[in-house]
Amino acid sequence: MLTYIIRRLLYSVVVLLVASFLIFTFVTISGDPLAFLKMSPGASPATIANIEARKHLNDPIVVQYVYWLQDAVTNQFGTTIIGERKIMPDIQRVMGHTIQLVIAAELLAILIAIAIGVYSALRQYSVFDYTATTFSFLGLATPVFWLALMLQILFVNIYLWFDIRIFYTANLSGVDPGGGVYFFLDRVQHLALPVIVLCVASIATYSRYMRGAMLEVINSDYVRTARAKGLKERSVIMRHAFRNALIPLTTVIALNFGGLIGGVVVTETVFGLDGMGLYFINSLNSGDPYPVMAWLMIVSAAVIMFNLLADITYGLLDPRVRHD
Amino acid sequence: MTDLIRTTEGAKPLDRGGPGGDELPEPLHEDELAHESGVAVKARSQWYYVRTRFLRHRLAVASLIFLIFLVLLAIFARRVSPYAYDELDLMNIAQGPTREGTHWFGTDLLGRDYLSRVIFGLRTSLWVAALVAGLTTVIGTAIGSIAGYYGGTVDNLLMRFTDLMITLPLLAVLLTASVFLGNGDPVRVGIILALLIWTGLARIVRGVFLSLREKEFVEAAKAAGAGDARIIIRHLLPNAVGPIIVSMTLIIAAAILIEAALSFLGFGIQPPTPALGKLIADGQTQGFEAWWLVTFPGLVIVAVALAVNFIGDGLRDALDPTQRRLRA
């Protein structure tokens, strides 16, 4: 197992390197980052030449790549192209906010999805099962941004008509939330809608998997054996079936991370949350390739890590899986 | 039996044995023969079974009819829609949906009829989705079949590349691509999308090919002197048609949702071409009172994605009845 993990880790590093080269060439060849500056009358040729020299913009692309990689590793992705603003402190700030959002949404999604999935499997073809299936189809067919906007419209109108503020519909914090419990409550009011939006698609996906896994386990031989031994139904379901049905779900959750990023970008844009997604959209709009590349690298590294985690946890949880 | 009848039709009568096979003065028509022998014999192709199984899936059939209706609406948008998508009705600005008059979906802040705009938006979105589905199928099938058929180093290289593509966060890469490669044109948006989402299909086709290439019929074809291209196209691909069609429907649904998200974020289809995602984005900026501007295009997206998913579900049941459905 250990050699397997080490081998996979090394492989992941190689993948990340190749990805970094792809990302760099892809972003670099597709446009001149100084095109806008060159057109503006306020920028002197000396300034532009200065930036070009500092960022090695006139070198061949492979040389540029090596400079960039060096900067990324030793200098935390360096600075933005205009204004020399350090990239990493910004990303660290927004990452904290995004992690709050993602963890809250995923925890909620996992709990609800497990409950729905298990109950649907135990009552297969019941009204509840069909309702859950319909809603999961609906959840997968609903665009995340549209759901976000509809909730936003709903709660803004509730506020406008009844003067009741249930949830905030934009930003991350109130003007002056206060400290301690007040800060926490304020944060919950701000994050509630984004969390709901983000967890809908996850619930739809996870509950289907959970239902499928649970059905498979319930119909397996060892569950029949457990019943034959005379165990209580509750014990059969909870101790024998449920725990084994959770194994495939861990993989699905880990592999879903890449898709979650898309949801984060959209959700944060709609609600104006100062997180990774909004940072990415703003960087794209500013036309600066450096924060964009840094963001893509960090997110790709996270996705690769979650893929690795999926494989390793599967091996650890399911003794039938052998890595040699 | 039926084959025999068909081949001998019009030829000299043969002694065919089997039920009622005494002496037949002349070849009978299939129906007559069936009637005579008392057994209903009818040529049933594979597609006959697929069709019956699909038709049994009522939700899928209803979805198919609904989708055909929407596609026709989109194709004949110019004739069907009550107004042109950029026509101004200055007497009815920012009007909510009414049944009086013809502004069923209301009008936007410029007084443009929203039903017409949604129909034209649907036209753009469906066109992009169809383009993506077509291109993705070609790319994914080609890469998957080459990897699966040749195996070894070719397979390894192609699949590692596929893994890499899957690693990249899709929406982010798409956004980057549309910013830097330029955007706005539906065809260009479609091509960028297709270049990034062929991975799932490639894996599926590869899987089918890997399991089939060791089968006897491939060996027989090789022994008969068939080349690689012929084996792939004539012998292996027809066996992969089921999974390919099913994942095509999933790709169509995904393409509609992703294109809508791109256009919503301002990196997809650009004005003046209306697209459903862009309509929602514009509706968002026009105030929270004008709820219909956000609601209707979104409902259309949900309806299309839902219908396509149901059709995909029905097709999966029809094309591959042995496959157990784990994922909705």
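The values are calculated or read from the model by the stated rules, or taken from the named source; none is laboratory data. Predicted model, so just to flag it, every value in this text is computed and none were measured. In this analysis, Cβ positions are derived from the backbone assuming ideal geometry, glycine residues included, and neighbour counts consider all displayed protein chains.
In table form, for the structure just shown:
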{"read-out": "Any hit, segment A:188-203, residues being part of a helix (DSSP H, G or I), free of Cβ contacts under 8 Å to residues at least 12 places away in the same chain and of a type in the set (Gly, Ala, Ser)", "value": "no"}
{"read-out": "Among the residues listed as B:ALA202, B:ALA142, the single one being surrounded by fewer than 20 Cβ atoms within 10 Å (Cβ to Cβ), at pLDDT 85 or above and assigned to a helix (DSSP H, G or I)", "value": "B:ALA142"}
{"read-out": "Test result for A:THR267, modelled with pLDDT under 90, in contact with a helix residue (DSSP H, G or I) (Cβ under 6 Å, 6 or more places away or on another chain) and surrounded by 17 or more Cβ atoms within 10 Å (Cβ to Cβ)", "value": "no"}
{"read-out": "Options A:ILE114, A:ILE103: the member that is modelled with pLDDT of 85 or more, part of a helix (DSSP H, G or I), under 19 Å from the mean Cα position of the chain (by Cα) and away from every other protein chain (no Cβ under 14 Å)", "value": "A:ILE103"}
{"read-out": "Breaking point among (1) surrounded by fewer than 16 Cβ atoms within 10 Å (Cβ to Cβ); (2) of a type in the set (Phe, Trp, Tyr); (3) within 14 Å of another protein chain (Cβ to nearest Cβ), for A:TYR222", "value": "(3)"}
{"read-out": "Qualifying residue in segment A:274-281 (condition: facing chain B (nearest Cβ under 10 Å), surrounded by 23 or more Cβ atoms within 10 Å (Cβ to Cβ) and aromatic (Phe, Trp, Tyr))", "value": "yes"}
{"read-out": "Test: A:PHE155 is closer than 23 Å to A:ILE116 by Cβ, assigned to a helix (DSSP H, G or I), of a type outside the set (D, E, K, R) and within 14 Å of chain B (Cβ to nearest Cβ)", "value": "no"}
{"read-out": "Contacts under 6 angstrom Cβ, first residue in segment B:249-268 being within 30 Å of B:ALA318 (Cβ to Cβ), partner outside any helix (DSSP H, G or I) and of a type outside the set (D, E, K, R), 6 or more apart", "value": "B:LEU257/A:PRO143; B:GLU259/B:GLY268; B:ALA260/A:PRO143"}
{"read-out": "Every pair of residues 6+ apart whose Cβ atoms lie under 9 Å, when the first sits in segment B:70-86 and is without any contact (Cβ under 8 Å) to a residue 60 or more places away in the chain while the second is outside any helix (DSSP H, G or I) and among the aromatic types (Phe, Trp, Tyr)", "value": "B:ALA77/B:TYR85; B:PRO82/B:TRP104"}
{"read-out": "Residue match in segment B:160-180 (condition: more than 14 Å from chain A (Cβ to nearest Cβ), in a loop (DSSP other than H, G, I, E, B) and either basic (Lys, Arg) or under 24 Å from A:PRO289 (Cβ atoms) (or both))", "value": "no"}
{"read-out": "In segment B:213-234, the residues that are surrounded by 11 or more Cβ atoms within 10 Å (Cβ to Cβ), of a type outside the set (D, E, K, R) and more than 12 Å from B:GLY144 (Cβ to Cβ)", "value": "B:PHE217, B:VAL218, B:ALA220, B:ALA221, B:ALA226, B:ILE231, B:ILE233"}
{"read-out": "Which listed residue, of B:VAL300, B:VAL304, is modelled with pLDDT of 85 or more, within 11 Å of chain A (Cβ to nearest Cβ) and surrounded by fewer than 23 Cβ atoms within 10 Å (Cβ to Cβ)", "value": "B:VAL300"}
{"read-out": "Single residue of A:ILE247, A:ILE237, A:ILE304 found to be on the phi < 0 side of the Ramachandran plot and facing chain B (nearest Cβ under 9 Å)", "value": "A:ILE304"}
{"read-out": "B:ILE269, sole failed condition from (1) within 22 Å of B:TRP198 (Cβ to Cβ); (2) modelled with pLDDT of 85 or more", "value": "(2)"}
{"read-out": "Test: residue in segment A:167-177 that is within 14 Å of chain B (Cβ to nearest Cβ) and either in contact (Cβ under 8 Å) with a residue 60 or more places away in the chain or over 25 Å from the mean Cα position of the chain (by Cα) (or both)", "value": "yes"}
{"read-out": "Subset of segment A:28-59 [in a helix (DSSP H, G or I), farther than 17 Å from A:GLN70 by Cβ and within 14 Å of chain B (Cβ to nearest Cβ)]", "value": "A:ILE29, A:ALA35, A:PHE36"}
{"read-out": "Residue count, segment A:139-152 (criterion: in a helix (DSSP H, G or I) and in contact (Cβ under 8 Å) with a residue 24 or more places away in the chain)", "value": "9"}
{"read-out": "Boolean, A:TYR125 is within 14 Å of another protein chain (Cβ to nearest Cβ), at positive phi and not β-branched (Val, Ile, Thr)", "value": "yes"}
{"read-out": "Complete set of residues in segment B:315-325 that are in contact with a Phe, Trp or Tyr (Cβ under 7 Å, 6 or more places away or on another chain) and modelled with pLDDT under 85", "value": "B:ALA318"}
{"read-out": "Criterion (in the same structural domain as B:LEU174 (by TED's automatic domain parsing) and modelled with pLDDT under 85) met by exactly one of B:THR124, B:THR102, B:THR136", "value": "B:THR102"}
